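I have placed the structure first, in the form of structure tokens, so that the comments after it can refer back to it.
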Amino acid sequence: MGWPPIAGRLAGVLMLSPAPLTLSELQATLGASKGSTSEMTRLLIANGTVERVKVPGVRQAVYAWRDDAWVGCLQHQLHQTEQLLELARAAQERGRGMPEVQQARLREMHTYYAFMVRNLRRLLDEYPGGT
């Protein structure tokens, strides 16, 4: 996934935790700085695997592994790839006057991302709890 190792460790802690954890608890468990822990929780939230939740009586934000984390991960990958497909479409439009070699590269980029979007949608539809 291209994540820093600390993100993988944080994901593992939250995935296996029986209860949501505060940033301070995550920081202590990982032996990581507050800044790094905060940044990695944001990364995992953006990637669809972790959520920030409100726990009654707890003033700090707490973080939990999403019940549908793998669906969230697939949805994130699909969304990112759809954005790249749109970029490929726009690049093809703007590159119409370029030499054939460059136009062929842009067509191939579009073909690749169109293939990826189709298959990520199919995977999301097939995955239990997807769509």
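The values are calculated or read from the model by the stated rules, or taken from the named source; none is laboratory data. Note that the coordinates shown come from a computational prediction; the quantities given were computed from them, not determined experimentally. Using ideal geometry, Cβ is built from the backbone for each residue, glycine included, and neighbour counts are taken over all protein chains shown. Quick note on the areas: whole protein, heavy atoms, side chains included, nothing else; ligands and nucleic acids left out. Shrake-Rupley method; radii C 1.70, N 1.55, O 1.52, S 1.80 Å.
Put simply, of Q75, Q60 the only residue that is within 30 Å of T22 (Cβ to Cβ) and part of a helix (DSSP H, G or I) is Q75. Of all the listed residues (G48, G12, G2), the sole one being under 22 Å from C73 (Cβ atoms) and in a helix (DSSP H, G or I) is G12. Please go through segment 55-76 and give me each residue that is closer than 18 Å to D125 by Cβ, out of contact with any strand residue (DSSP E or B) (no Cβ under 9 Å at 6 or more places or on another chain) and of a type outside the set (D, E), ordered by number. Once the filter is applied, which keeps residues that are closer than 18 Å to D125 by Cβ, out of contact with any strand residue (DSSP E or B) (no Cβ under 9 Å at 6 or more places or on another chain) and of a type outside the set (D, E), segment 55-76 yields W70, V71, C73, L74, Q75, H76. Sort out which residues of segment 102-131 are within 12 Å of L84 (Cα to Cα) and of a type in the set (V, I, T), and write them in order of number. Passing the criteria: T111, V117.
Please find, within segment 27-37, the residue that is nearest to V53 (Cα to Cα) out of those that are surrounded by 11 or more Cβ atoms within 10 Å (Cβ to Cβ) and within 20 Å of the chain's Cα centre (by Cα).
T37
Out of the residues in segment 73-100 that are of a type in the set (G, A, S) and free of Cβ contacts under 8 Å to residues at least 12 places away in the same chain, state the one that is surrounded by the most Cβ atoms within 10 Å (Cβ to Cβ). Within segment 73-100, the match that is surrounded by the most Cβ atoms within 10 Å (Cβ to Cβ) is G95. Taken as a whole, the structure places R105 among residues that are open to solvent by 90 Å² or more (accessible area, probe 1.4 Å) and either closer than 25 Å to C73 by Cβ or assigned to a helix (DSSP H, G or I) (or both).
Return the residues of segment 63-72 that are outside any loop (DSSP other than H, G, I, E, B) and either open to solvent by less than 80 Å² (accessible area, probe 1.4 Å) or touching an Asp or Glu at 6+ places or on another chain (Cβ under 7 Å) (or both); say none if nothing qualifies. Walk me through how you get there before you give the answer.
Restricting attention to segment 63-72, the residues satisfying the condition of being outside any loop (DSSP other than H, G, I, E, B) are 63-65, 69-72.
Those that are outside any loop (DSSP other than H, G, I, E, B) and either open to solvent by less than 80 Å² (accessible area, probe 1.4 Å) or touching an Asp or Glu at 6+ places or on another chain (Cβ under 7 Å) (or both): Y63, A64, W65, A69, V71, G72.
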